[in-house]
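Notes follow the structure.
The values are calculated or read from the model by the stated rules, or taken from the named source; none is laboratory data. Since this is a predicted model, take the numbers as computed values, not measurements. A quick note on method: Cβ atoms are made from the backbone with ideal geometry, for glycine too, and the neighbour counts reach across all protein chains shown.
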Amino acid sequence: MGDLKQRAFWTMVQNAILSPASAFVIAAAILLVGLGVRVPLVDAPPVAWLVALTPIWLVVVGAGLANREANAQAASQIFREQFNVSALKDAHLRAMVGQAIAYRERIDSAMNKTADSALRLRLQDVADQVQEWVGRIYALARRLDAYRSDTFLANDRKVAEQSIRQLHERLARESDPAIQAEIRDTIARRQAQVASLEKLADTMNRAELQIENTLTALGTVYSQMLLIDARDVNSPRTQRLRDSIVDQVNSLQDVLASIEEVYGDQQVAAQSSPRP
């Protein structure tokens, strides 16, 4: 998530530089120098306006960078760009990822409203972990969305099951032992393909349930963050909150790893199974 933070920082810098107040100072400097207006009182040449207005411009930009609300909006903008909900075809998955992003933004808002600097630092650590959490949710949703959009997988299972039936019928009619052995071998490979596809379907069902459970946990984390005050900075309560997030992130990663493993097994099975 380091890249996300860096992009958010440069977006904040860009927004501060392009803010109306910054643009006004820059425009004033260009206009005064362009019109040849000398600096009053000291009667300095027009170019001296650049020296006089630069500190003001730096203060304006600095104020923009220090604006927590503006910074939160910039981070939210980058966050939503990285986790593009519209890329998901499944409406239910879009809704779940959108809800996860909304929780992340609420957690950011709660953190930015915290006056105590030590507490805000600890909550920033929690928010960073939630950010990784949402990233795993999005990765899982993308994988699930791709699976549901893959018509070839559903067709592969249908073809494999039909092929098994046909091969059993052919085996019953075949009298040559060598051909019988070859048919049995083909049936075994087809059955392995079907088993792999069934395992993949079960894993994907588990993935959707994991996303649902994670959203519930995100809501719990958000409510707990609202209850934490300055006295809880180094308390077991804050540590338990962080540990809970780590457990959820690891759980999501386990599901993703399972999906990748099953996808790999399914591809091997499909490649080894002959077409009828």
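Being at pLDDT below 70, in a helix (DSSP H, G or I), of a type in the set (Asp, Glu) and under 30 Å from ALA139 (Cα atoms) holds for only one residue in ASP265, ASP247, and it is ASP265.
GLN6 fulfils the conditions (1) of a type outside the set (Asp, Glu); (2) closer than 30 Å to LEU140 by Cα; (3) modelled with pLDDT of 75 or more except for a single criterion, (3). The listed residues are LEU41, LEU31, LEU18, and the only one of them that is modelled with pLDDT under 80, in the same structural domain as GLY64 (by TED's automatic domain parsing), on the phi < 0 side of the Ramachandran plot and among the hydrophobic types (A, V, I, L, M, F, W, C) turns out to be LEU18. Could you go through segment 69-80 and let me know if any residue there is at pLDDT below 80, crowded, with 16+ Cβ neighbours inside 10 Å, among the aromatic types (Phe, Trp, Tyr) and under 30 Å from GLN210 (Cα atoms). Looking through segment 69-80, at least one residue is at pLDDT below 80, crowded, with 16+ Cβ neighbours inside 10 Å, among the aromatic types (Phe, Trp, Tyr) and under 30 Å from GLN210 (Cα atoms). Of all residue pairs spaced 6 or more apart or on separate chains, those with beta-carbon atoms under 8 Å, a first member in segment 76-104 that is under 15 Å from ALA146 (Cβ atoms) and a second member that is at pLDDT below 85 and assigned to a loop (DSSP other than H, G, I, E, B) are VAL97/PHE83. Looking at ALA201, ALA270, ALA230, just one residue is at pLDDT below 65, of a type outside the set (Asp, Glu), under 30 Å from THR186 (Cα atoms) and in the same structural domain as ASP125 (by TED's automatic domain parsing), and that residue is ALA270. Does segment 205-223 contain at least one residue that is farther than 27 Å from GLN124 by Cα, among the aliphatic types (A, V, I, L, M), at pLDDT 75 or above and within 20 Å of the chain's Cα centre (by Cα)? Yes, segment 205-223 contains at least one residue that is farther than 27 Å from GLN124 by Cα, among the aliphatic types (A, V, I, L, M), at pLDDT 75 or above and within 20 Å of the chain's Cα centre (by Cα). Remark: pairs (first residue in segment 195-209, within 13 Å of LEU256 (Cβ to Cβ) and in contact (Cβ under 8 Å) with a residue 12 or more places away in the chain; second residue surrounded by 14 or more Cβ atoms within 10 Å (Cβ to Cβ) and of a type in the set (A, V, I, L, M, F, W, C); Cβ separation under 6 Å; 6+ apart in sequence or on different chains) = THR203/ILE259; THR203/VAL262; MET204/LEU144; ALA207/LEU140; ALA207/LEU144; ALA207/VAL255.
Suppose the filter is β-branched (Val, Ile, Thr), at pLDDT 75 or above and not assigned by TED's automatic domain parsing to the domain that holds ALA28; does VAL130 pass it? Answer is yes for this residue.
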